[in-house]
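Colleague: I am attaching a structure below and will ask some questions about it afterwards.
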């Protein structure tokens with residue numbers, strides 16, 4: 001399958017949304033507006049992984065797929081730790 005990486009697809013807008021959420025999350029973290037061990041940091045990172053994963057489904061890049069799987073796994077781990085601490 002040949003993928004045209006220069007033509008915008010609806011999944012690219014989902015991927016761009018994920019990238020913007022990643023930048024926003026980093027900004028919020030650096031300005032001390034969210035706690036790195038809190039719910040929103042891990043939740044936003046999980047959403048980033050899902051959004052970028054959707055884009056990668058249609059325009060696959062193996063290294064990025066592996067990264068997003070790791071990113072989602074670590075975000076789920078962070079949410080689990082947050083849940084256990086706030087139970």
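Colleague: Take the residues in segment 57-87 that are surrounded by 15 or more Cβ atoms within 10 Å (Cβ to Cβ) and more than 12 Å from the chain's Cα centre (by Cα); name whichever of them is farthest from residue 14 (Cα to Cα).
Modeller: So the residue we want is 82.
Colleague: Just checking, how many residues over segment 1-45 are in contact (Cβ under 8 Å) with a residue 40 or more places away in the chain and part of a helix (DSSP H, G or I)?
Modeller: Number of matching residues: 6.
Colleague: Considering every residue within segment 71-80, establish whether at least one is assigned to a loop (DSSP other than H, G, I, E, B), more than 17 Å from residue 22 (Cβ to Cβ) and either at pLDDT 95 or above or in contact with a helix residue (DSSP H, G or I) (Cβ under 8 Å, 6 or more places away or on another chain) (or both).
Modeller: Residues of segment 71-80 that are assigned to a loop (DSSP other than H, G, I, E, B), as a first pass: none.
No, segment 71-80 contains no residue that is assigned to a loop (DSSP other than H, G, I, E, B), more than 17 Å from residue 22 (Cβ to Cβ) and either at pLDDT 95 or above or in contact with a helix residue (DSSP H, G or I) (Cβ under 8 Å, 6 or more places away or on another chain) (or both).
The values are calculated or read from the model by the stated rules, or taken from the named source; none is laboratory data. Not measured: the values here are computed from a predicted model. No Cβ is skipped: glycine too gets one built from the backbone with ideal geometry, and neighbour counts run over all protein chains shown.
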